[in-house]
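A short write-up of the structure that comes next.
The values are calculated or read from the model by the stated rules, or taken from the named source; none is laboratory data. Keep in mind that what you see is a predicted model, and the values were worked out from it rather than measured. Virtual Cβ from ideal backbone geometry, glycine too; neighbours counted across all protein chains shown.
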Amino acid sequence: MALLCSQTSCSVFTSFFILFFLLSLQCQKGTSFHHHHHHHERVHHQKPILKANNNQSTCALFVGSWVYDESYPFYESSSCEIIDPEFNCQMYGRPDSDYLRYRWKPLNCELPRFNGVEFLLKMKGKTVMFVGDSLGRNQWQSLICMLSAAAPHAQTQLVSGDPLSIFTFLDYGVNISFHRAPYLVDVDVIQGKRILRLEEVDKNGDTWKNVDVLLFNTGHWWSHQGSLQGWDYVELGGKFYPDMDRMAALERGMKTWANWVDTNIDRSRTQVLFQAISPTHYNENEWNAAVGMTTKNCYGETAPISGTTTNLGGGATYTDQQMRIVDMVIREMRDPAYLLDVTKLSEMRKDGHPSIYSGELSPQQRANPDQSADCSHWCLPGLPDTWNQLLYVALFY
């Protein structure tokens, strides 16, 4: 059937059709930063959509194995001045280097390679803030090193402080910040005593408002005893306790944090992620060590646990118990944080810790790794670079 119209009405119809066509094209192209990952904010464990191999429908980002790859690492420790001595294993005498060259391989897809310039361009004018303990600081410094290596001539500025440090890529207006808050909830000092307030987070939370990407972590400090303990009293329900069940304390603190985020963070502006608890390697039984080993921890380990994360088992370690609480609390949030679920893939990296190459240890300390090896933090370059590669995928894919 022919379309009949006058010259005027046809002209109007044609103009309308062209306008409609241009608008539809614009809608297809114009995916903004916020729209791009709104689906991550709604679904706790939803993985970024990557092209999967073997006709699998989705990419299981956090399940897989470690593959030796000569194209790694992303940077040299000697070229990144921000690395703390306790993370700078090459500078402090670590003799092996294979641990630098492992790439994370998800089970049924390929992880996109980190592109630092793309990261800076997409985050132009925005702020990324790591919030938590020294494992968050470990990851914060890793990201700065990765971005600095990708944009070596960019003008930068570091403002160091406690609890807040800010590293700025001035050419891009990108702030990469670290806020030290090991428990996430507030710790106040009253008459010389440190009070861990399990039901208050407002003092810390003021720092987290109006940030574009928030990545939280906690875990290790909840188990500290004796001189390493970060509080003198726990406050709960208006009462003060010298101690309490540590798992119960973690759960109460996490729920306070989760309620605060649900109430105070504008999720149309801010992407909220939670870094799964980083495992330690102080017990060789956890990786089925051979009988007759001379050390009882990560000292002397030069390769990852072989196989895949699915072979590791689980549920036995203190970290696994903590992760069950973290997982439960995040699932119960009104708008769940995206869980960067790195615990199992990190458990395989018994080779990635500073061990006795953690800053200026004395000869006596180095001779006694059973007492002095750091099997909690990670060398840089090293495993936290993979955490940031996964953060990159979560933000942009």
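Of note:
- Counting only residues that are in a loop (DSSP other than H, G, I, E, B), in contact (Cβ under 8 Å) with a residue 60 or more places away in the chain and either in contact with a His (Cβ under 7 Å, 6 or more places away or on another chain) or more than 28 Å from E301 (Cβ to Cβ) (or both), segment 96-141 holds 5 of them.
- Failed item in (1) in contact with a strand residue (DSSP E or B) (Cβ under 9 Å, 6 or more places away or on another chain); (2) surrounded by fewer than 21 Cβ atoms within 10 Å (Cβ to Cβ); (3) at positive phi, with Q191 passing the rest: (1)
- Considering residues of segment 276-294 that are of a type in the set (S, T, N, Q) and in contact with a Ser or Thr (Cβ under 9 Å, 6 or more places away or on another chain) only, the residue modelled with the lowest pLDDT: N283
- Of all the criteria given as (1) surrounded by fewer than 15 Cβ atoms within 10 Å (Cβ to Cβ); (2) among the β-branched types (V, I, T); (3) over 30 Å from K122 (Cα atoms), the one not satisfied by V159 is (3).
- Some residue of segment 266-289 being of a type in the set (A, V, I, L, M, F, W, C), free of Cβ contacts under 8 Å to residues at least 60 places away in the same chain and in contact with a helix residue (DSSP H, G or I) (Cβ under 9 Å, 6 or more places away or on another chain): no
- The listed residue being touching a helix residue (DSSP H, G or I) at 6+ places or on another chain (Cβ under 6 Å), under 25 Å from C379 (Cα atoms) and in contact (Cβ under 8 Å) with a residue 12 or more places away in the chain, out of I305, I325: I305
- Scanning segment 337-371 for residues that are part of a loop (DSSP other than H, G, I, E, B) and either closer than 16 Å to N217 by Cβ or among the charged types (D, E, K, R) (or both) yields A337, D341, V342, R349, K350, D351, E360.
- Considering segment 357-373, the residues that are surrounded by fewer than 24 Cβ atoms within 10 Å (Cβ to Cβ) and either in contact with a His (Cβ under 9 Å, 6 or more places away or on another chain) or among the aliphatic types (A, V, I, L, M) (or both) include one that is nearest to D133 (Cα to Cα), namely L361.
- Condition broken by A149, with the remaining ones in (1) in contact with a helix residue (DSSP H, G or I) (Cβ under 7 Å, 6 or more places away or on another chain); (2) of a type in the set (A, V, I, L, M, F, W, C); (3) in a helix (DSSP H, G or I); (4) buried (at least 22 other Cβ atoms within 10 Å of the Cβ) satisfied: (4)
- Note on segment 240-267: among residues that are among the acidic types (D, E) and over 21 Å from V213 (Cα atoms), the one that is modelled with the highest pLDDT is E251.
- Among the residues making up segment 215-266, those that are outside any helix (DSSP H, G or I), surrounded by 18 or more Cβ atoms within 10 Å (Cβ to Cβ) and of a type outside the set (S, T, N, Q) are L215, F216, G219, W231, V234, E235, I265.
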